[in-house]
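The values are calculated or read from the model by the stated rules, or taken from the named source; none is laboratory data. Everything numeric here is computed off the predicted structure, so don't read it as measured data. Positions of Cβ are backbone-derived with ideal geometry, glycine not excepted, and every protein chain shown enters the neighbour counts. When the accessible area is computed, the model is the full protein with side chains, heavy atoms only, and any ligands, DNA or RNA have been set aside. Shrake-Rupley method; radii C 1.70, N 1.55, O 1.52, S 1.80 Å.
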Amino acid sequence: MRLGASARIEVHTPFDAVTQAQLRAVRPAGRYRAQTGWWEFPLEAGGRLHQQFAGRFAIEPILEQWLLWLAQPLPPLPPHRQLVVAADIDEALADGRRLLRHQRLAVRWLLARRGAVLADAMGLGKTLTALVAARAMVRAADCQVLVVAPVGLHSHWRQEALSLGLQIRLASWARLPAELPEAGTVVLVDEAHYAQNQRAVRTEGLLRLARHPRLRAIWLLTGTPMKNGRPAQLFPLLAAIGHPLAADQRAFEERYCDGHWSERRGRRIWQASGATHLEELRRLIRPLFLHRRKQDCLDLPPKHRLLHPLVLEAAAARGFEHRLQLVVEAYRQRAARGVVRRDAESLAVLTALRQIGSDYKCSAAQELIQTLLHQGEPVVVFTAFVATAERLHRCLGGSLITGRLPAPERQRQVDRFQRGDESLLIATFASGGLGFTLHRARHVLLIERPWTPGDAEQAEDRCHRIGMGAPLTSHWLQLGVADRLVDDLIASKAERIDALLQSPGALQRRRLPQLVRDWLDGPERIRGAGG
């Protein structure tokens with residue numbers, strides 16, 4: 001017997017009818033994994049397994065230690081009222097700040113739960129809220145605090161912890177610790193949506209921490225708990241906080257993800273990418289999910305979205321069509337040689353449309369940016385493509401943030417913009433849309449939109465935050481059918497997310513590949529580049 005990557009007990013044994021029957025009788029029940037050839041049980045079955053099979057199976061030492069800890073649990077926590085007193089939520093911080101009302105309420109809410117998801121919108125101060133609640137746990141239970149966050153956000157966590165006089169241990173998503181200290185630990189997980197793939201190594205690492213016998217509490221922080229509008233993405237988060245819905249993944253997917261078997265290339269494949277019974281799911285997760293919008297908590301200046309439809313001149317449209325045709329022909333040649341899948345042409349065409357379109361939108365983007373800068377307006381620009389960001393930077397100057405820049409240098413570029421040393425900041429969504437505060441900007445320009453509504457919202461909300469002094473205008477450049485398809489997709493996914501986190505509603509959604517195929521087969525392709 002050994003401890004698996006996601007902290008489930010794995011029992012490896014040659015096939016024996018009697019042993020198999022005994023394992024099937026163990027409660028809580030386990031599951032036989034035909035792909036691996038072993039049984040998998042929840043930790044709660046450890047005592048029964050140890051009692052019945054310890055003399056027959058070798059037990060991994062780390063599993064022995066975990067079972068010992070389970071038999072000797074940590075002392076109970078003080079009552080909720082005492083934890084709230086220890087939080088000192090009305091106390092001023094070392095830098096003079098005070099918690100806002102919605103943050104004080106969230107601290108109380110977290111301290112009442114050992115596992116929870118703080119899913120407030122970006123900019124509502126989730127970091128400080130979680131640290132104040134964790135500080136109360138340290139004061140009342142003498143435990144430690146582990147923060148899991150992207151490396152680029154570590155400096156922000158250190159700064160906020162310093163303002164509270166709180167010592168924290170930081171870990172990146174790429175290097176999650178396998179063990180927790182014996183004295184007990186509160187785990188804070190920033191950007192928890194990084195664990196939305198059940199099979200990913202980082203998800204398994206998070207679940208191992210979440211199931212550790214020396215865990216005091218685990219609080220997940222994310223403004224986008226369901227980035228792509230798929231309830232399947234919620235399952236790892238529910239498993240991490242110990243929600244009863246996560247006890248049976250197959251049942252969850254059948255009920256809420258339209259889980260079913262389908263045939264593909266002669267193989268049966270389990271599909272669970274749909275969304276069903278969202279109103280029921282919303283009711284069931286609500287006790288452990290706290291989601292509030294900015295307009296519910298803050299008196300911020302409004303955010304407006306302004307669409308800029310672009311139309312290419314005839315010569316440019318012909319060039320656009322020619323470049324696209326070259327991509328299509330190259331793809332079909334690779335498909336004929338068996339290098340790529342034949343059935344993915346629609347998505348390959350859409351990707352090419354976005355890349356080519358980004359290039360053709362640069363001149364319009366430059367004109368708009370120069371106009372705003374001439375009016376004395378600070379501007380932040382986001383794009384999905386490094387080449388577009390670098391081209392705009394060469395033409396317009398300003399600060400530039402891409403993945404090629406080390407994390408400390410990215411923060412320095414942000415600081416230059418915030419101080420007023422630069423009036424223009426250009427960034428890719430992946431590098432600049434995470435963790436930075438850019439509330440000096442009055443205008444944010446999205447050259448194109450990411451595939452997920454959470455990423456688009458997060459990029460805008462780098463600017464729409466506490467501390468801004470005027471309304472924010474978000475400019476969306478839209479060139480041809482590719483941008484319209486992605487923008488429609490974002491709207492469709494956003495409806496699903498709202499149905500789960502806000503209010504129920506019937507959703508009608510068409511799949512993206514079908515939208516692209518319809519466009520490829522229709523007359524709009526000829527004029528698609530031009531609008």
Take Thr203 and decide whether it is in contact with a Lys or Arg (Cβ under 9 Å, 6 or more places away or on another chain), open to solvent by less than 10 Å² (accessible area, probe 1.4 Å) and polar (S, T, N, Q).
-> no
So the helices (runs of 4 or more DSSP H) completely within region 209-309 holding 3 or more residues that are within 21 Å of Val189 (Cα to Cα) and at pLDDT 95 or above are 235-240
Expected single match for out of contact with any strand residue (DSSP E or B) (no Cβ under 6 Å at 6 or more places or on another chain), at pLDDT 95 or above, of a type in the set (Lys, Arg) and open to solvent by less than 30 Å² (accessible area, probe 1.4 Å) among Arg139, Arg135 is Arg135
Looking at (1) touching a strand residue (DSSP E or B) at 6+ places or on another chain (Cβ under 6 Å); (2) aliphatic (A, V, I, L, M); (3) in a loop (DSSP other than H, G, I, E, B), find the lone condition where Ala178 falls short.
-> (1)
From the list Leu124, Leu68, Leu93, Leu99, pick out the single residue that is more than 15 Å from Val186 (Cα to Cα), touching a Leu at 6+ places or on another chain (Cβ under 8 Å) and without any contact (Cβ under 8 Å) to a residue 40 or more places away in the chain.
-> Leu99
Kindly indicate which of Arg250, Arg216 is among the charged types (D, E, K, R) and in contact with a strand residue (DSSP E or B) (Cβ under 8 Å, 6 or more places away or on another chain).
-> Arg216
All positions within region 437-496 that are open to solvent by less than 10 Å² (accessible area, probe 1.4 Å), part of a loop (DSSP other than H, G, I, E, B) and small (Gly, Ala, Ser) = Ala441
Of the listed residues (Ala251, Ala239), the one being touching a helix residue (DSSP H, G or I) at 6+ places or on another chain (Cβ under 6 Å) and either within 22 Å of Gly30 (Cβ to Cβ) or in contact (Cβ under 8 Å) with a residue 24 or more places away in the chain (or both) is Ala239
